[in-house]
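Accompanying notes for the structure given below.
The values are calculated or read from the model by the stated rules, or taken from the named source; none is laboratory data. Here the structure is a predicted model, which means the values were calculated and not measured. Using ideal geometry, Cβ is built from the backbone for each residue, glycine included, and neighbour counts are taken over all protein chains shown. In case anyone asks, the SASA skips ligands and DNA or RNA and just uses the protein heavy atoms, side chains included. Shrake-Rupley method; radii C 1.70, N 1.55, O 1.52, S 1.80 Å.
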Amino acid sequence: MTTTAIRVEGIEKSYKDLHVLRGVDFEVASGSIFALLGSNGAGKTTMVKILSTLLKADGGSAAVEGFDVAAESLQVRQSISLTGQFAAVDEVLSGKENLILVAKLRHLKNPGQIADDLLAQFSLTEAGPRKVATYSGGMRRRLDIAMSLIGNPKVIFLDEPTTGLDPEARLEVWQIVKNLARQGTTVLLTTQYLDEAEHLADRIAILHEGRIIANGTLAELKQLLPPAKIEYVEKQPSLEDIFLALVGTGSTAPTGNNESVKDRS
Ligand SMILES: Nc1ncnc2c1ncn2[C@@H]1O[C@H](COP(=O)(O)OP(=O)(O)OP(=O)(O)O)[C@@H](O)[C@H]1O
Ligand SMILES: [Mg+2]
């Protein structure tokens, strides 16, 4: 039986005159990876902030692990962790000290042991005693995600977990996310990278002009566009083709849209 970890119904949010979320609905099954996809400014971070109780919605409702984000924010906070769009690690501390700090904040026993275990799990054992200021972008991201796992949250929110990472570091983060889901953690991630959603997510939702305009498995989303036929070779549309067809207006869609179909065959 699948249970629902996150339920979002009719969420609305404006910043003054800017109506960012205009009735967002979606559900995320427990233990699955859900990708929220959208262009810059679509409202992805806003949605994540509402779900992680950092921001109040103007309308609609949302629940995480059965707890209402507005009325039961304390219980929601105890069930989740958030890795923000910008790394939350302290540069002056070492990787290990960062982890110990979080473990202490969460009143856990044996913070040193927890830190060592996570450093090992994220291939940071050698770098552990070094100041974070000396870490590469990928190492910081790994440490950031490691910090968010302290206390074994049931649901984790990753806001653009791989933005700014090189391809190798991205693959490492993808592997971490997959392992988390395999262990039963529910992962909601936001991304602008279509291939990231394509590789990682069990379900993908596209947020556009304040609403979810498509929501499904990659296979379901592919059915929204017919396969393109090029010189006898049947090509399935990529998520990028689907995204651009759904989101792209004539004026903003890249002119190379059709070409990219051919180029990538
Ligand atoms: N505190 C705020 N006050 C006013 N406007 C805001 C605030 N936070 C976000 N916005 C605006 O709301 C819109 C949605 O922002 P949000 O950060 O949720 O988008 P996003 O999808 O996460 O974008 P990105 O891909 O760039 O991270 C943007 O136009 C942004 O400028
Ligand atoms: Mg954002």
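Remarks
- Yes/no for ALA169 being surrounded by 14 or more Cβ atoms within 10 Å (Cβ to Cβ) and of a type in the set (Gly, Ala, Ser): yes
- Enumeration of residues in segment 77-133 that are touching a strand residue (DSSP E or B) at 6+ places or on another chain (Cβ under 6 Å) and of a type in the set (Val, Ile, Thr): ILE80, THR83
- Qualifying residue in segment 43-59 (condition: assigned to a strand (DSSP E or B), touching a strand residue (DSSP E or B) at 6+ places or on another chain (Cβ under 6 Å) and surrounded by fewer than 21 Cβ atoms within 10 Å (Cβ to Cβ)): yes
- Once segment 124-174 is narrowed to residues that are under 30 Å from ALA63 (Cβ atoms) and among the polar types (S, T, N, Q), the residue that is farthest from the chain's Cα centre (by Cα) is ASN152.
- Pairing each residue of segment 24-46 that is free of Cβ contacts under 8 Å to residues at least 40 places away in the same chain with any residue that is open to solvent by less than 10 Å² (accessible area, probe 1.4 Å) and within 11 Å of ligand 1 (Cβ to nearest atom), provided the two are 6+ apart or on different chains, yields C-beta distances under 7 Å for THR46/LEU21.
- Test set (1) over 14 Å from the mean Cα position of the chain (by Cα); (2) modelled with pLDDT of 95 or more; (3) more than 10 Å from ligand 1 (Cβ to nearest atom); (4) not β-branched (Val, Ile, Thr) - ALA88 fails condition number: (2)
- Residue, surrounded by the fewest Cβ atoms within 10 Å (Cβ to Cβ), within segment 88-130, restricted to residues that are within 23 Å of PRO161 (Cα to Cα) and touching a Ser or Thr at 6+ places or on another chain (Cβ under 7 Å): ARG130
- Residue in segment 133-140 that is open to solvent by 50 Å² or more (accessible area, probe 1.4 Å), farther than 26 Å from ALA42 by Cα and touching a residue at least 60 places away in the same chain (Cβ under 8 Å) present: no
- Residues (hydrophobic (A, V, I, L, M, F, W, C) and part of a strand (DSSP E or B)) located in segment 13-42: LEU18, VAL20, LEU21, VAL24, PHE26, VAL28, ALA29, ILE33, PHE34, ALA35, LEU36, LEU37
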